[in-house]
1. Test V121 against the stated conditions and say whether it is surrounded by 11 or more Cβ atoms within 10 Å (Cβ to Cβ) and not small (G, A, S).
2. For segment 13-37, give me the residue count where each residue is more than 17 Å from A57 (Cβ to Cβ) and either of a type outside the set (A, V, I, L, M, F, W, C) or at pLDDT 80 or above (or both).
3. Kindly indicate whether Q130 is at pLDDT below 70, surrounded by 14 or more Cβ atoms within 10 Å (Cβ to Cβ) and out of contact with any strand residue (DSSP E or B) (no Cβ under 8 Å at 6 or more places or on another chain).
4. Anything in segment 44-62 that is charged (D, E, K, R) and farther than 18 Å from S15 by Cβ? List them, or say none.
5. Please go through (1) more than 30 Å from A35 (Cβ to Cβ); (2) modelled with pLDDT under 80; (3) surrounded by 11 or more Cβ atoms within 10 Å (Cβ to Cβ) for G73 and return the number of the only condition it doesn't satisfy.
6. Any residue that is assigned to a helix (DSSP H, G or I), out of contact with any strand residue (DSSP E or B) (no Cβ under 7 Å at 6 or more places or on another chain), basic (K, R) and modelled with pLDDT under 70 - is there at least one of those in segment 80-103?
Amino acid sequence: MPGAPVNPTPVDFGSYPQWGIHINPDGTSGSIREAASAAQKMKDMGAGYLDWFATDALAKNALSSQTSAYGSGGQSTAQAIKNANPLSGLAAIGDFFSRLTQPATWIRIAEVALGLVLIAVGIARATGSQNQLSQLVRARLP
């Protein structure tokens, strides 16, 4: 499945060499790099080689499956990340205002407000401040 981690077998991080793959942003190609030491692997990870394999063959198979997913109509990892958030910028603002015109939004707002009032009444009764509030209200009413 494109977008999922492609390393089927965890690599013992104490054994080298290891092979890392990097998928280009277009999703149609990538590269493999061999790391002979932990320091080299860390440097390569900083350059975008994030999936690591114990053998060159496993790395080649993973690279092939990731890049062929793009050609078969699926999304590569890079494309999935690019398309993950369809609402951005001004579109999100427009979506917010369009939701304000929906009755369900106002029903939810009323439910939350009623819930807050009920919580406040419950806290007032539990702490005994309800008597003080009622005396204050009676003093202000004509």
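The values are calculated or read from the model by the stated rules, or taken from the named source; none is laboratory data. As the structure is a prediction and not an experimental result, all values here were calculated from the model. No Cβ is skipped: glycine too gets one built from the backbone with ideal geometry, and neighbour counts run over all protein chains shown.
1. yes
2. Residues of segment 13-37 more than 17 Å from A57 (Cβ to Cβ): 13-14, 22-29, 36-37.
After this cut, where a residue has to be either of a type outside the set (A, V, I, L, M, F, W, C) or at pLDDT 80 or above (or both) as well, the list is 14, 22, 24-29, 36-37.
So the count comes out to 10.
3. On the way: at pLDDT below 70: yes; surrounded by 14 or more Cβ atoms within 10 Å (Cβ to Cβ): yes; out of contact with any strand residue (DSSP E or B) (no Cβ under 8 Å at 6 or more places or on another chain): yes.
In short, yes.
4. Applying the first criterion (charged (D, E, K, R)) to segment 44-62 yields 44, 51, 56, 60.
Residue satisfying the conditions is K60 alone.
5. Of (1) more than 30 Å from A35 (Cβ to Cβ); (2) modelled with pLDDT under 80; (3) surrounded by 11 or more Cβ atoms within 10 Å (Cβ to Cβ), only one is false for G73: (3).
6. Our first condition is that a residue be assigned to a helix (DSSP H, G or I); within segment 80-103, this holds for 80-82, 90-99, 103.
Retained after the next criterion (residues that are out of contact with any strand residue (DSSP E or B) (no Cβ under 7 Å at 6 or more places or on another chain)): 80-82, 90-99, 103.
Imposing the further condition that a residue be basic (K, R) reduces the set to 82, 99.
Of the ones still in play, those that are also modelled with pLDDT under 70 are 82.
Checked segment 80-103: at least one residue is assigned to a helix (DSSP H, G or I), out of contact with any strand residue (DSSP E or B) (no Cβ under 7 Å at 6 or more places or on another chain), basic (K, R) and modelled with pLDDT under 70.
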